[in-house]
1. Show me the three semi-axes of the equivalent ellipsoid for segment 91-149, from the C-alpha gyration tensor (sqrt of 5 times each eigenvalue), largest first, rounded to whole Å.
2. Excluding residues fewer than 8 places away in the same chain, name every one of the aspartates and glutamates whose C-alpha is closer than 16 Å to that of LYS48.
3. Just to be sure I follow: if Rg is taken over the C-alpha atoms of segment 23-149 and Rh is the Kirkwood radius over the same atoms, what is Rg/Rh?
4. Over the Cα atoms of segment 159-229, what radius of gyration and what Dmax do you get, in Å?
5. I need the Debye-formula profile for segment 109-190: one equal scatterer per C-alpha, no solvent, reported as log10 I(q)/I(0) at q = 0.10, 0.21, 0.23 1/Å, two decimals.
Amino acid sequence: MGLLSHHRHSSQPFLCFVLFLVFKGVSGATFTFVNKCDYTVWPGILGKPDLGSSGFELAKGGSRSFQAPTGWSGRFWGRTGCQFDGSGRGTCATADCGSGEINCNGAGASPPATLAEFTLGTGSMDYYDVSLVDGYNLPMMVVASGGSGSCAATGCGADLNRRCPSELRVDGGDACQSACGAFGKPEYCCNGAFSNPSTCKPSMYSQIFKSACPKSYSYAYDDATSTFTCSGADYTITFCPSSPSLKSSTDSTPKLTNPGTGTGTGSGSPVEQSELASTSWLADMATATGASTRTRAFLSSKGSILVAVTFIVCLLVA
């Protein structure tokens, strides 16, 4: 009897560890959307499995959260200039998903659109990025919290509509096309003879995006500096992270005439520099040099609940 009792107690720490991993694995991630723009944004959601909504209204200063299971994969974007009637039917000026409704119902964003893309791990790392490959319509940042790993902040805090070359600017100046979207050439779209990393290189247009937003995807093979990983984190997607946010402006943006230098690859205006500094500050806050980040992660509500549940279960099986 004593041997059995000893065996049961000696295996208890191992059982608790297994339970901890199980609960951690099924918890997934919480996505929180925050609108710091000085106008309403209508976020769109495309991914599997369904999160309970594929589009919603987010007023200035508003926030909303969704719980996603492990293994979830998809993308988020912000629609602007939307007009919906009382029944929820209508369209948006930028990043419209073509559903004719507030919910996108399985449809993606019409370019140009700033995209946040995620693949949540199942007992492994999450992968995430902010992409300008399909163009740009508004500033967006992604910040991870409560996770382990590099967990760097990423996104585009600059107002690229202000520095958009005239040949890429959409009517009204509320969005900026990618070179692929504007011209459809294989060298810009990375298809045909340019369908691999050795032949498809950054263009003078993608370099404008990369200069302003160095952590964002600027063209199809921009993986090395644009894909980030984290484990067990929650994520905040912020529209217009700089405060106050900038409205698009079509002033003083000349058409590109010198492919060797391009327009907008310099240091930018003081406002743009301030936005990039804000992006850097968010990244520093997210990584927070190691130990302090892990301490905050342990004290997060998600981690505390997980520990409490594991402890209670261990007591019950003791």
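Every number in this text was worked out from the coordinates using simple rules, so none of it is lab data. Note that the structure is a prediction, hence the values are computed from the model and not measured.
1. Values for segment 91-149, descending: 26, 14, 10 Å.
2. The qualifying aspartates and glutamates are GLU117, ASP126.
3. Details: Rg = 14.5 Å, Rh = 15.0 Å.
A ratio of 0.97.
4. In Å, with Rg to one decimal and Dmax whole: 12.4, 36.
5. Scattering profile of segment 109-190, log10 relative to I(0): -0.31, -0.94, -1.04.
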